[in-house]
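Scroll down for the structure; my scribbles are underneath it.
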Amino acid sequence: MAEANRGSRAISNVTPPEEFFGFKLGSDRKLARWDKITEYFYKLERESNRIKVIEMGKSTEGNPFLLVIISSPDNLARLEHYRQISAKLADPRGLSHEDGRQLVQEGKVVVCQTMSLHATEVGGTQMAPELAYDLLSCDSDTTKEILDNVIFLMVPCFNPDGQIMVTDWYNKYLGTEYEGTMLPYLYHKYAGHDNNRDAFALNLVESKYVARLLFTEWHPHAFQDHHHMGSTGARLYVAPYSDVIRPYADPLVWRELAWYGGHMAYSLEQAGKTGILNGAQYPGWGHFGFHWIANHHNIAGMLTESASAKLATPVYIHPHQLKGASPKTMPEYRAQTNFPNPWPGGWWTLRDIVEQQKIAAWSLLEICARFREKILWNAYLKASRQTQRGAEGSPKAYVISGQQHDRLTALKLVRLLLDQGIEVKRAESSFVAGGRVYPEGSFVASLAQPKMGVIRALLGRTFFPDNYWTRNPDGSPIMYDTATDTIAEFMGVRVEPADNLDIPEKQLEIVRQVEPGWSEPDKGPDCIYCQIQGYVLDPRLNDTYAVVNCFLSGADGEDVPIWRFEEAICSEEHPNYPDMPPGAFFIEHTGDTASRLAGLCRERGVPFHPVAYVAQVPRHRVRRLRVGIYRRYWGGSFDEGWSRLVLENFGFPYLTLKDDDFKDGKLNEKVDALILPSDKPEFILGPKADQDRLGWLDVSAVPPEYRSGIGKEGAEAVAEFVRSGGRLVAFDASCKFAIDTCKLKLTNVVEGLTFEDYYCHGSTLRVRANTAHSLAYGMPREFLALVWGGQAFEVKDMHAAHDYTVIAEYPDKHLLQSGWLIGEQLIAKKPCIVSVRCGEGEAVLFGFRPLFRAQTHGTFKLLFNCLLGMDEVEE
């Protein structure tokens, strides 16, 4: 970059970052806070006509989320015009080659770069003001070329809340022995480090902002996300990815990544930077985070990964501490073709990170400006070819039937597809596809569209490859995060591939937005409202629980009786009742129940059915349980954060429990149900007095007040809580703690096995549920569970086996739906959800995470049922 700007003059009316912040960004032991960075960008907007600052909205905790657009004044004056051109190139259906060529001649390359999505990876946000200043203040030929040919969309901080947390934490311990240590809690209210796993589920408001930029509004031609990695490898990783690659992206994308990455690596070497690695370490098949899913949107999606310092504190690395990146792509820390100039070791600083990230960011802008027409034509070709592949391949489309176990969750899936910029159509009449009849109102996602690759990845059955690139030399599997991202399976929505749709195109209407389609219940010919006894709600709908929770909250002081029927209700045996599975809710009619219920149901889209009598079916009175969820430090628990988000979204109040809550002997006075998010027992219990390490963590590097753990005393309190009538709910890895603490005669049959023997790393497996049991009310008889590691149980108690109830188990064969499963025979026919009677209470063990990243809507109800109490049996 310095070479490109040599001989240029600075525009003097733009304030340099060093003058504004009072230090050079990236300086040792200095971090600029987000409020000051925001102030600086607005100052730049007042001083320069090359920049436009837009607040897209507020972050999760109310901080400004900024989009900074940098380009020439002429381009900024015509942003909407260029946005439209980008949109047409991204979806050129109906355009001729000549039309495409004309758009290419006129359009601009749109480049989006996002900074510090992971808040402890501070370099990107510290670099962003300097990068902006260089573009606004420099008058070199290269800068002018960038400004004329590129519209640069910069998100200077993807996680404003976390940036503030980390900055304040760092400053709090500056100058102490804990300077530069990790943040002890999640650096996003709900997600922490998992926030970049949200690009296809869009549970977080920050994700929604960036998805709008990338997938529905601007359709950039290149996207780069700036990250940090560990400290003892390469100094900087840049594109391209290594093998293995995820299928269904256009081949041009992979070539573009190599092209862009090669230019960035070249520029970094030219600038004298050492330790630059590309084409290794990060595979082309990772989780569907923004930089990975972008490739299937025909956007060249990249990430940079800088070696970390200790936040803003320098770190010293001895030469012998430097390691290779991967047994297959960089087995040793020594020169190779994609790593020709190893860094020798020594001091490593935040300023080093800022400088190399800025060179990489600038280099991407530079190559996009220089090859504007080629890049825009590539955009046209990728979209056109993907559309053609979808039209000529098999299947031709995916159908989301209007008949679903949970219709409202199916509509949420359709909304997610729309938020990805995918074209979805609704059938205005019934039709036949693949020998099946689909009702009016079913949805069709044709693959004959530019985002064919996204559709196949999100809706189609997926198998992670087992080949040379996915096995270490010792035979153990290699995978980066989940083996599948088939969101339809996660959500429990039935989606079917189809090759022939027997329906005229004119009867398929493009969906612009999705509404639940709620309507006032029919009063019937006998004016049923005059004689109603209550209202029946469907337990198959997740949103029904949100409605029930509103009534249980007692906000207006009225105690409305709510019941659950223990058996299925057949409309033929109970006239005026709809067919319902076991667990249907019955809300008694009292006072203004009808109007309150109508309002709540309209808001959530939940249908309710007024009935004139109480069905003669055994029923239980529903009561709200006081719910507690354990929150620890040690960086926080992702599963705990996501669990809180789901509970809040569906109206379940909860109490956050910390260590002291377990040690005061009053746990039963605080909660009725205790949730232990998935966690290793050592992180629940905490370190012993003489313990130096906790997992990979150095205990001595953490301030004493954040060395959490409930200890032996807390574990005994949990056992007593259960014996005294409490309900303990343990997810996945926490089951071991529950088994040991409650002295359950139950084993996990895959515990201690090597990955060569058993491996399931984010795959969907078939599970069979006992839907007559109250903990499985509303579930289908067979469902899909997303399993990461997972537990498969075997009851060893021969004396009191009756105290163990199997709620769900794996079938005897064909367990895998999508992903990669090694050792199927080990878990076949084994329980994966078990309820165990312990004294007056019970422990409910989930062998998987039912709320995984707030994405697995198909298994939410399994937890929801655990959080409702059932009293007063009536026959």
In the stretch 421-451, the residues that are open to solvent by less than 10 Å² (accessible area, probe 1.4 Å) and either part of a helix (DSSP H, G or I) or free of Cβ contacts under 8 Å to residues at least 60 places away in the same chain (or both): I422, Y438, S442, A445, L447
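Which residue is nearest to F737 (Cα to Cα), if the candidates are limited to the stretch 680-694 and must be touching a Phe, Trp or Tyr at 6+ places or on another chain (Cβ under 7 Å) and not β-branched (V, I, T)? Can you show your working first?
Taking the stretch 680-694 first, the residues touching a Phe, Trp or Tyr at 6+ places or on another chain (Cβ under 7 Å) are 681, 683-684, 694.
Now narrow it down to the ones that are not β-branched (V, I, T): 681, 683, 694.
Values: P681: 5, F683: 10, L694: 16 Å.
For the stretch 680-694, the residue satisfying everything is P681.
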Members of the stretch 788-807 found to be closer than 17 Å to N748 by Cβ and either open to solvent by 20 Å² or more (accessible area, probe 1.4 Å) or in contact (Cβ under 8 Å) with a residue 60 or more places away in the chain (or both), listed by number: W788, G789, Q791, E794, V795, K796, Y804, V806
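Matching residues to (1) more than 20 Å from G628 (Cβ to Cβ); (2) of a type in the set (V, I, T); (3) in contact with a strand residue (DSSP E or B) (Cβ under 9 Å, 6 or more places away or on another chain):
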site	(1), (2), (3)
E809	yes, no, yes
L816	yes, no, yes
L826	yes, no, no
P831	yes, no, yes
V834	yes, yes, yes
G847	yes, no, yes
T856	yes, yes, yes
F864	no, no, no
Residue count for the stretch 452-493, restricted to those that are open to solvent by less than 10 Å² (accessible area, probe 1.4 Å) and basic (K, R): 0
Which listed residue is touching a strand residue (DSSP E or B) at 6+ places or on another chain (Cβ under 7 Å), in a helix (DSSP H, G or I) and hydrophobic (A, V, I, L, M, F, W, C), from L775, L784: L775
Selection status of M491, under 27 Å from the mean Cα position of the chain (by Cα), modelled with pLDDT under 95, closer than 28 Å to H193 by Cβ and of a type in the set (A, V, I, L, M, F, W, C): no
Selection from the stretch 594-626 of residues that are open to solvent by 10 Å² or more (accessible area, probe 1.4 Å), among the β-branched types (V, I, T) and within 28 Å of the chain's Cα centre (by Cα): none
Failed item in (1) under 27 Å from the mean Cα position of the chain (by Cα); (2) surrounded by 22 or more Cβ atoms within 10 Å (Cβ to Cβ), with D168 passing the rest: (2)
Long-range neighbours under 6 Å by Cβ, at least six apart or interchain, first residue on the phi < 0 side of the Ramachandran plot within the stretch 830-848, second assigned to a loop (DSSP other than H, G, I, E, B) and acidic (D, E): F848/D732
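Residue-wise test of (1) modelled with pLDDT of 95 or more; (2) in a helix (DSSP H, G or I).
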position: E682; (1), (2): yes, yes
position: Q691; (1), (2): no, no
position: E713; (1), (2): yes, yes
position: E751; (1), (2): yes, no
position: R768; (1), (2): yes, no
Identity of the residue in the stretch 507-554, modelled with pLDDT of 90 or more and polar (S, T, N, Q), that ends up farthest from K425 (Cα to Cα): Q533
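Could you check how many residues of the stretch 78-108 are outside any helix (DSSP H, G or I) and of a type outside the set (D, E)?
Qualifying residue count, the stretch 78-108: 8.
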Selection within the stretch 680-706 - under 28 Å from the mean Cα position of the chain (by Cα) and basic (K, R): K680
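Filter the stretch 312-335 down to the residues that are part of a loop (DSSP other than H, G, I, E, B) and either farther than 30 Å from T167 by Cα or open to solvent by less than 20 Å² (accessible area, probe 1.4 Å) (or both) and list them by number. First the steps, then the outcome.
As a first pass, look at the stretch 312-335 and keep what is part of a loop (DSSP other than H, G, I, E, B): 312, 314, 318, 322-325, 327-329, 331-335.
Those that are part of a loop (DSSP other than H, G, I, E, B) and either farther than 30 Å from T167 by Cα or open to solvent by less than 20 Å² (accessible area, probe 1.4 Å) (or both): A312, P314, L322, G324, P327, K328, T329, P331, E332, Y333, R334, A335.
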Test for D194: is it assigned to a helix (DSSP H, G or I), touching a Gly at 6+ places or on another chain (Cβ under 8 Å) and more than 19 Å from T38 (Cα to Cα): yes
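How about the stretch 172-181: which of its residues are of a type in the set (S, T, N, Q) and crowded, with 16+ Cβ neighbours inside 10 Å?
Residue satisfying the conditions is T181 alone.
Take the residues of the stretch 836-875 that are under 30 Å from V493 (Cβ atoms) and open to solvent by 10 Å² or more (accessible area, probe 1.4 Å): which is farthest from the chain's Cα centre (by Cα)?
Looking only at the stretch 836-875, we keep the residues that are under 30 Å from V493 (Cβ atoms), and these are 844-870.
Now restrict to residues that are open to solvent by 10 Å² or more (accessible area, probe 1.4 Å): 849, 853, 857-858, 870.
On the way: R849: 14, R853: 5, H857: 13, G858: 15, M870: 33 Å.
Looking at the filtered set, the residue picked out is M870.
Of the residues that sit in the stretch 716-744 and are touching a Ser or Thr at 6+ places or on another chain (Cβ under 6 Å) and among the small types (G, A, S), which one is surrounded by the most Cβ atoms within 10 Å (Cβ to Cβ)? Can you show your working first?
The first filter runs over the stretch 716-744 and keeps only residues touching a Ser or Thr at 6+ places or on another chain (Cβ under 6 Å), leaving 718-719, 731-734.
Retained after the next criterion (residues that are among the small types (G, A, S)): 719, 733-734.
Numbers: A719: 21, A733: 22, S734: 27.
Applying the filter and picking the extreme gives S734.
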Flag if L821 is more than 18 Å from V722 (Cα to Cα) and open to solvent by 20 Å² or more (accessible area, probe 1.4 Å): yes
Out of H263, H228, sole residue that is surrounded by fewer than 24 Cβ atoms within 10 Å (Cβ to Cβ), within 24 Å of V155 (Cβ to Cβ) and more than 26 Å from the chain's Cα centre (by Cα): H263
Tabulated pairs, the stretch 716-730, first farther than 13 Å from L775 by Cβ and touching a residue at least 12 places away in the same chain (Cβ under 8 Å), second among the small types (G, A, S) and open to solvent by 10 Å² or more (accessible area, probe 1.4 Å), C-beta under 6 angstrom, 6+ apart or interchain: R723/G839
Selection from the stretch 665-676 of residues that are touching a residue at least 12 places away in the same chain (Cβ under 8 Å) and open to solvent by 10 Å² or more (accessible area, probe 1.4 Å): G665, N668, K670, D672
Answer residue from the stretch 370-412, given it is farther than 30 Å from P780 by Cβ and among the β-branched types (V, I, T) and is surrounded by the fewest Cβ atoms within 10 Å (Cβ to Cβ) among those: T387
Some residue of the stretch 53-63 being without any contact (Cβ under 8 Å) to a residue 60 or more places away in the chain, closer than 29 Å to L204 by Cα and buried (at least 18 other Cβ atoms within 10 Å of the Cβ): yes
Contacts under 6 angstrom Cβ, first residue in the stretch 153-180 being within 19 Å of A191 (Cβ to Cβ) and touching a residue at least 12 places away in the same chain (Cβ under 8 Å), partner of a type in the set (S, T, N, Q) and outside any loop (DSSP other than H, G, I, E, B), 6 or more apart: V155/T114; C157/T125; C157/Q163; F158/T114; Q163/T125
Failed item, numbered, when A239 is tested on (1) surrounded by fewer than 23 Cβ atoms within 10 Å (Cβ to Cβ); (2) over 30 Å from W634 (Cα atoms): (1)
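Looking at the stretch 477-511 only, could you name the residues that are part of a loop (DSSP other than H, G, I, E, B), over 24 Å from Y282 (Cβ atoms) and in contact (Cβ under 8 Å) with a residue 24 or more places away in the chain? Give the derivation first.
Here is the first cut: in the stretch 477-511, the ones part of a loop (DSSP other than H, G, I, E, B) are 478-486, 492-494, 499-500, 503-504, 511.
Keeping just the survivors that are over 24 Å from Y282 (Cβ atoms) gives 492-494, 499-500, 503-504, 511.
Scanning the stretch 477-511 gives G492, V493, R494, D499, N500, I503, V511.
The values are calculated or read from the model by the stated rules, or taken from the named source; none is laboratory data. Quantities reported herein were computed from a predicted structural model and do not represent experimental measurements. All Cβ positions, glycine included, derive from the backbone under ideal geometry; neighbour counts span all protein chains shown. Side chains are part of the model used for accessible areas, which takes the heavy atoms of the whole protein and leaves out ligands, DNA and RNA. Shrake-Rupley method; radii C 1.70, N 1.55, O 1.52, S 1.80 Å.
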